[in-house]
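Encoded as structure tokens, the structure appears first; notes follow it.
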Amino acid sequence: MRTTREQPRWALRLERWLRQLMALLCVAAVFCALLLGAFAGFIHSLPPIEELENYNPKQTTTILDRTQRQAIGAFSEEQRELINPREDAPGYLSKAFVAIEDERFYQHFGIDPKAVARAVLVNLRRGHFAQGFSTLTLQLPRNILPERVSREKTLKRKLEESVLALQIERRYSKEQILEFYMNQVYLGAGSYGVQAAARNYFGKTVRELTLAEASLIAGLPQKPSVFNPWINPDEALKRRNQVLEKMRDVGYISPDEYKEALNEPLELKHPQPVSRTAPYFVEYLRGSLLNLPEFKREDLQQKGYTIDSTLDVGIQRIVDEELLAGLMAAEQNWQRQKTQRLREERQTYEHLGPGTTRLARITAVDAGRIDVMIDDYRASLERPEEPPYFDPDSVLRIDELLDVDVQSVDHASKMFAASLYDKTHIQGAVVVLDASNGDLLAISGGADFFDANNNGQWNRAVQSARQPGSCLKPFFYAAALENGYTPASVMPDEPITFGDNYTPQNYENRYFGPTALEEALEHSRNVPTIMLFREVGIDRSLDFVRKFDMLSEIHPWKLRPELPTCLGNTNVNLLELAAAYLPFANAGVGMAPRAALKIEDPAGVIVKEFKPVERRVINPETAFLMTTMLQGVMTRGTGSNIAEELSSLTGLPQMAGKTGTTNDCVDAWFMGYTPQLVIGVYVGFDRNRSMGPQMTGSRVAGPVWAGILRRLHLEQPQWTAKKEFSEPENIIRCNIDKTTGLLAGPGTPSRNILRNVAFIKGTEPKSAGY
């Protein structure tokens, strides 16, 4: 019988050990598989490296003037302008970044082992995190993809950055990595990228930077706010010198270059604030583009468009200066009018009472108080730190009159409590349009866009809808001309009361008898205008007048079917009104104003082109007849003082225009045009208050218009080169009797003769009155 031989003990141990080893290996394999899966998931969660190649950073949209040579404004979230460092920057700029931020940039593969080892030793020795090992490549992910890569100092972030850095180094050249970095890195003062920093600190492009200036910029990424030269110039210089020293030590610059740059003084220069060139225009353009379905706010602020605008910088400068001068003059006239207002006020008020606005005489003024008197009652007012006047010293002085709000009255002590009524100074707006295409050449919506105390950013040219007064009348006269009337048609000017107990009156508070339309428009007579409106037909006239509303898609005119509408009781803004005058200046063709010519993306591809949007409003003959009637306003009518201001100039173009003044002289307007330009002016307080007696369109707004045209003729003569309005062939001129509408004869009194009145051939008067 055979027996099984027992295995040796060592064999049993080996067998047991092998089984344990196999089990351990299986566990390890499973663990490695899980670890690899987790790492694969981690890698998959990282942003794809292709995002760098397709990365489109937020870029500033630049607005250029009509010559495409001067920047006038910008839209941005971040100030950034992309460059190619190899082509657009001096070589020492990129070397400065490498020297101070990543000395071994050209030797490592995205992670610098020497820097890692050095950082580990230092941190272990000090017992806390004291030194990092970041490279330029490691910094890229958190700078370019901040929403995908955290900035928290965690091991996970370092791992993310390290993996991405390795991928970046495999895919891109060192020059490409430097370009990404130099265009993206934050450099303080709102500057993203080296071009923005060069402009913000030195007022120049990167191409123009000196070695010292480039070194200062390269030293900023470590602590942008600490090394900001505008805030801490001494710290900025120390950091700059560290960069220069490092560049010398690694051999990027010679000892002589180092010494020369080290001795260069820090000369900072603020960039020209382009938004100050034409802020009202820039903000109007922004709003106009946002009204289009193609553009969103983030598009304008991030996509780096270049917008070729219609703005003429020379005209804008003249407009700003003349508006300010005109408003200051209006304030002086307003102050002088107060004596007459006081006389009228004393006829209205029997005694001083609370809740009224009264004129008080100043008896004393100091830094914090203004003492005033009304009759024999006294009060002491608080003086604002910044009084709402252009020239506070001329308004707030002894014996001058001041508007005050009376709050309470103590008759026993003859004292009253009051506050200053004026909250802002007198304001105004100007619009200048190219008569041939509707281009918005200049726009000013107030005395100073940046004056918050006086509602500076309120653009009164487009955001303030006011009654235009008699500036609306020409559209109703044009309606009459296209319905069979002529400049010689006669309307009654006599007392009349309509069914709603409405009795219209003329500005002169008198009636002039039968009046030809030419005369009625020249002198802005209300009664003949209402009679004409009624005779042509209210509905027919309103339908016709609406054709002049070039911006009806945005804010259509609300013309009420009532007689006072023809006198200008409809709210419009200045830009709308100026655009409505374009058909008169442009042979009957109207256009919506445009503020942009075209928009390009950073690659120069046209995103949108803006063509003039034209439509015929009236026929050319009507446009010319209206122009000759409005020329009469300038030569014989309410605008004659405006023409008189320009009479010393030679070679002026023909001018046509219309004054407008609302009740109690609350708003003053002047709309005028030449063969090349339409210029509209508005003056008034932001509050609905009177400017005082005789503060009319011709006396307040007209001088601003005249000042602008004078300056354009002398400084921008190309805009006054065309001297005459185009006259259709079928026009004939006659002298007429303004009281009968007939031809003037030998017996017509000279005071009744209107000379050289234009007619379409066949419509002129055929017989003489005398």
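The values are calculated or read from the model by the stated rules, or taken from the named source; none is laboratory data. Predicted, not measured: the structure shown is a model, and the values here were computed from it. For neighbour counting, all protein chains shown are included, and Cβ atoms are generated from backbone atoms with ideal geometry for every residue, glycine included. These area figures cover heavy atoms from the full protein model, side chains too; ligands, DNA and RNA do not enter into them. Shrake-Rupley method; radii C 1.70, N 1.55, O 1.52, S 1.80 Å.
Kirkwood Rh over Cα pairs of the range 563-630 into Stokes-Einstein at 4 °C, 1.567 mPa s: D in µm²/s?
Result for D is 90 µm²/s.
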Legend entry - Spatial extent of the chain: Rg and Dmax, with the Cα atoms as the point set, Å: 38.2, 169
Inset, instruction - With both partners inside the chain, how many of the DSSP beta bridges are antiparallel, as a percent to the nearest 5? - result: 90
Inset, instruction - Would you mind getting me the FRET efficiency between N509 and K598? Use the beta-carbon distance for r and R0 = 41 Å, nearest 0.05. - result: 0.15
Legend entry - For the range 599-651: rounded, prolate or oblate by the Cα gyration tensor [a/c cutoff 1.5]: oblate
Inset, instruction - Using the heavy atoms of the protein chains and a 1.4 angstrom probe, tell me the accessible area per residue for the chain in square angstrom. - result: 47
Inset, instruction - Report in % the part of the accessible area of the chain that belongs to carbon and sulfur, leaving out ligands and nucleic acids; probe 1.4 Å. - result: 50
Legend entry - Candidate residues V607, V700: accessible-area rank, largest first, probe 1.4 Å: V607, V700
Inset, instruction - On the full set of protein chains, 1.4 Å probe, figure out the accessible area of D376 and give it in Å² to the nearest 10. - result: 80
Legend entry - Net charge contributed by nearby residues that have their C-beta within less than 12 Å of E609 (K/R +1, D/E -1): +1
Inset, instruction - Give the accessible area for I374 in Å² (nearest 10); use a 1.4 Å probe, count only protein heavy atoms, and leave out ligands, DNA and RNA. - result: 10
Inset, instruction - With a cut-off of at most 14 other beta carbons within 10 Å, and DSSP calling the residue loop, which trypsin sites (Lys or Arg not before Pro) in the range 281-375 qualify? Please list them. - result: K296
Inset, instruction - In vacuum, with every alpha carbon of the range 619-770 counted as one equal point scatterer, what does the Debye formula give for log10 I(q)/I(0) at q = 0.13, 0.14, 0.15 Å⁻¹? Two decimals, please. - result: -0.71, -0.80, -0.88
Inset, instruction - Provide the net charge surrounding G91, with neighbours chosen by a C-beta distance below 13 Å and charges set as Lys +1, Arg +1, Asp -1, Glu -1. - result: -1
Legend entry - Mean shadow area of the range 656-711 over all directions, Cα convex hull, nm²: 3.8
Legend entry - Sparse-neighbour loop sites [GluC sites (Glu not before Pro); the range 237-332; at most 13 other C-beta within 10 Å; DSSP]: E267, E294
Inset, instruction - Run through all the Cα pairs of the range 474-584 and give the fraction in each 10 Å bin from 0, expressed as whole percent. - result: 14, 45, 33, 8, 0
Legend entry - Charged-residue dipole, Cβ positions (Lys, Arg, Asp, Glu), the range 497-624 about Cα centre, Debye nearest 20: 180
Legend entry - Rounded to the nearest 20 debye, dipole of the range 506-566 from Cβ charges on Lys, Arg, Asp, Glu: 180
Legend entry - In Å, descending, principal axis extents of the Cα set of the range 534-588: 28, 24, 18
Legend entry - Cβ crowding within 10 Å averaged over residues, with 588-599, 399-410 ranked highest first: 588-599, 399-410
Inset, instruction - Apply 1/(1 + (r/R0)^6) to the Cβ-Cβ distance of E644 and A465, taking R0 = 30 Å, and write down the FRET efficiency to the nearest 0.05. - result: 0.40
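For E382 and T356, calculate 0.36 nm times their separation in residues minus their Cα-Cα distance, and state this gained length in nm to one decimal.
Extra length from E382 to T356 when fully extended: 7.6 nm.
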Inset, instruction - Arrange the peptides 676-684, 540-548, 495-503 so that the one whose residues have, on average, the most other Cβ atoms within 10 Å appears first. - result: 676-684, 540-548, 495-503
Inset, instruction - Could you tally the net charge around W669, taking each other residue with its Cβ under 11 Å from the Cβ of W669, Lys/Arg +1 and Asp/Glu -1? - result: +1
Legend entry - Radius of gyration and Dmax over the Cα atoms of the range 157-241, both given in Å: 14.4, 41
Legend entry - Among V704, Y284, G304 the positive-end extreme of the charge dipole of the chain (Cβ point charges): G304
Inset, instruction - Could you point to the residue in V605, G568, L625 farthest towards the positive end of the range 509-663's charge dipole, with +1 and -1 charges on the Cβ of Lys/Arg and Asp/Glu respectively? - result: G568
Legend entry - Cα-centred dipole magnitude for the chain, charges only on beta-carbon of K, R (+1) and D, E (-1), debye, nearest 20: 3060
Legend entry - Shape metrics for the range 532-666, restricted to C-alpha atoms - Rg then Dmax, Å: 18.2, 60
Inset, instruction - Considering the options Q139, A585, G91, tell which one lies farthest towards the positive end of the dipole of the chain, charges being +1 on Lys and Arg and -1 on Asp and Glu at the Cβ, about the Cα centre. - result: Q139
